[in-house]
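K.L.:
Provided herewith is a single structure, encoded as structure tokens, for subsequent inquiry.
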Amino acid sequence: MSYFRAAVDAMAGYTPGEQPRSTDVLKLNTNENPYAPAPSVLEAIERTAHAPLALQRYPDPLATSFRDAAAERLSVTPDCILACNGSDDALTILTRACVDPGGLMVSPTPSYPLYEVLARIQDCRFEARPFTADWTLPPDFSTGASLVFVPNPNSPTGTRIEPDELARHASRAACLFVIDEAYVDFAPADAVGLIERCPNVVVTRSLSKSHGLAGIRFGYAVARPEVIQSLIKVKDSYNCNALSIAAATAALRDRTYYDDVRDRVLATRTRMERELAARGFTVTPSHANFVWCRRDEPVRPVFERLRERNVFIRYLTFPDYGDGLRITVGTDEQMDRFFRELDAVL
Ligand SMILES: *Cc1c(COP(=O)(O)O)cnc(C)c1O
């Protein structure tokens, strides 16, 4: 006898990247930002922590200050924004709101393994439909779907699809078409403009990667106000806390600081692509804060030998595709150490 639903007993659960706590570990496995959050963000947390009643009262259920900041930044109205406890919370809310048990969730492959886990919890069908050879979507990608997730830029490949092409796919879909933009701040264009043309487009964003706030847990969704209204019905009443709302609001308002962080990450990414290619890796040009690389032979031994030397990167393998290594962009000093260790194990 089990106390749990059959779908829960049958599923494996999501395997997060390892989170070693030792400070000696070079941690390049979960795409965190190597640079500290903006001083203005830390000040906002401090100010909120000391403000009268800020912690003993429930937080603003809709995170109004954050909605205003995001709306201003994206040139949309605040009712187009849904604040979430990390963008994974947005993905969970979308799944619960849109997919019946008999429904079908579709995402491309190889991509973010969490989508399938959300489908298993929801007890719906799930199909991972392969990217084309040039990393776009096949013409019938959304056929039959009750909900579509497309990470753009994609993880783990770092590839991206042009917004116009996403619009063509969204207009063919008979369901919400979710564009997961967790890495978009490292890419040349985003898809927020599509919500005007395509009533079924939802864009999700994260402050974990580009804003160095993975520990704070904050993300958001952008969509037409009527879509956001329905998602609000499904979310937890107080899904974001008072300190995270203050931090995220300050982060979106500090454009100068984060533009500089992004420029540094992009410069180091270029160096990584060059140095990995020089060592015989096949490198996929990246539009994110990580680099995906492969070799003609299996790369698991490289991952394991690096791990023994306290260097953590992500090893991933996909059916009908094979394996590869996803390496987060660190600081230049961290990459000096990475390449020294890599040379020692190759
Ligand atoms: C990291 C990641 C997320 C989750 O981001 P959080 O805001 O930390 O929940 C969502 N989608 C993709 C593709 C990611 O890589």
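K.L.:
Tell me, what % of the accessible area of region 283-335 is carbon and sulfur with a 1.4 angstrom probe?
P.N.:
Of all accessible area on region 283-335, carbon and sulfur atoms account for 44 percent.
K.L.:
I'd like the Karplus ³J(HN,Hα) series for region 167-180: coefficients 6.51, -1.76, 1.60, θ = phi - 60°, whole numbers in Hz, and an x wherever there's a Gly or Pro.
P.N.:
Taking θ as phi minus 60°, the curve returns 4, 4, 5, 4, 5, 8, 8, 9, 7, 5, 10, 8, 9, 8 Hz for region 167-180.
K.L.:
What figure, in Å² to the nearest 10, do you get for the accessible area of L342 with a 1.4 Å probe and non-protein molecules left out?
P.N.:
Result for L342: roughly 0 Å² accessible.
K.L.:
What order do you get for 20-26, 106-112, 327-333, 81-87 when each peptide is scored by the mean count of other beta carbon atoms within 10 Å, highest first? Please report the intermediate quantities before stating the final value.
P.N.:
Values: 20-26: 10.6, 106-112: 22.7, 327-333: 20.1, 81-87: 24.7.
Top of the packing list down: 81-87, 106-112, 327-333, 20-26.
K.L.:
Stretch Q229-A54 to full length: gain in nm at 0.36 nm per residue minus the Cα-Cα span?
P.N.:
Gain in length upon complete extension: 60.4 nm.
K.L.:
Another question, if that's okay. Hey, could you grab the Kirkwood Rh for region 306-346? Inverse mean 1/r over distinct alpha carbon pairs, Å, one decimal.
P.N.:
11.4 Å
K.L.:
Would you please give the FRET efficiency between S75 and S2, computed as 1/(1 + (r/R0)^6) with r the Cβ-Cβ distance and R0 = 35 Å, to the nearest 0.05?
P.N.:
0.10
K.L.:
Here's something else I'd like to know. Only helical DSSP H runs with n ≥ 4 go in: add -39500 (n - 2.57) per run for the chain, normalise by residue count and round the 222 nm mean residue ellipticity to 500 deg cm²/dmol.
P.N.:
Result for the chain, helices only: -11500 deg cm²/dmol.
K.L.:
Okay, moving on. At what distance in nm do the modelled label points of D68 and E18 sit from each other, each positioned 7 Å from its Cα along Cα→Cβ?
P.N.:
Going by the 7 Å Cα→Cβ label model, 4.6 nm.
K.L.:
For K27, give me every one of the aspartates and glutamates with a C-alpha distance below 19 angstrom, ignoring sequence neighbours fewer than eight places off in its own chain.
P.N.:
E18, E273, E275, E304, E308, D332, E333, D336, E341, D343
K.L.:
Might you tell me the accessible area per residue for the chain, computed with a 1.4 Å probe and given in Å²?
P.N.:
I get 45 Å² per residue for the chain.
K.L.:
Also, I was wondering about something else. Give me the number: length gained by fully extending R309 to S237, i.e. 0.36 nm times residue separation minus the C-alpha to C-alpha distance, one decimal in nm.
P.N.:
Going from the current span to full extension adds 21.5 nm.
K.L.:
I want to verify a result. In a Gaussian network model of the chain, Cα cutoff 10 Å, which of these has the top mean-square fluctuation: L194, L74, L91?
P.N.:
Highest fluctuation among the options: L74.
K.L.:
Can you send over the carbon and sulfur percentage of the accessible area for region 136-228, probe radius 1.4 Å, protein chains only? Please list the in-between numbers first.
P.N.:
Working: 1410 of 2790 Å².
Answer for region 136-228 is 51 percent, counting heavy atoms of protein chains only.
K.L.:
With a ≥ b ≥ c the root eigenvalues of the C-alpha gyration tensor of region 62-194, is it rounded (a/c under 1.5), prolate (a/b larger than b/c) or oblate?
P.N.:
Oblate is the answer for region 62-194, as a/c is 1.5 or above yet b/c matches or exceeds a/b.
K.L.:
Using 10 Å bins from zero, what percent of all Cα-Cα pairs in the chain falls into each bin?
P.N.:
Calculated over all Cα pairs of the chain, the distribution is 5, 24, 33, 26, 11, 1, 0 percent.
K.L.:
List the trypsin sites (Lys or Arg not before Pro) in region 37-136 that DSSP assigns to loop (not H, G, I, E or B) and whose Cβ has at most 11 other Cβ atoms within 10 Å. Which are they?
P.N.:
Of the trypsin sites (Lys or Arg not before Pro), the ones in loops of region 37-136 whose Cβ has at most 11 other Cβ atoms within 10 Å are R57.
K.L.:
Based on DSSP loop calls and a cut-off of at most 11 other Cβ atoms within 10 Å, the longest stretch of the chain free of exposed chymotrypsin sites (Phe, Trp or Tyr not before Pro) is what?
P.N.:
With chymotrypsin sites (Phe, Trp or Tyr not before Pro) excluded where exposed in loops, the chain gives 5-346 as its longest stretch.
K.L.:
Would you work out if region 16-108 is rounded, prolate or oblate? Take a ≥ b ≥ c from the square roots of the eigenvalues of the alpha-carbon gyration tensor; rounded if a/c is under 1.5, else prolate when a/b is larger than b/c, oblate otherwise.
P.N.:
oblate
The values are calculated or read from the model by the stated rules, or taken from the named source; none is laboratory data. These numbers come from a predicted model, not from an experiment. For neighbour counting, all protein chains shown are included, and Cβ atoms are generated from backbone atoms with ideal geometry for every residue, glycine included. Surface accessibility is based on the protein's heavy atoms, side chains included, excluding ligands, DNA and RNA. Shrake-Rupley method; radii C 1.70, N 1.55, O 1.52, S 1.80 Å.
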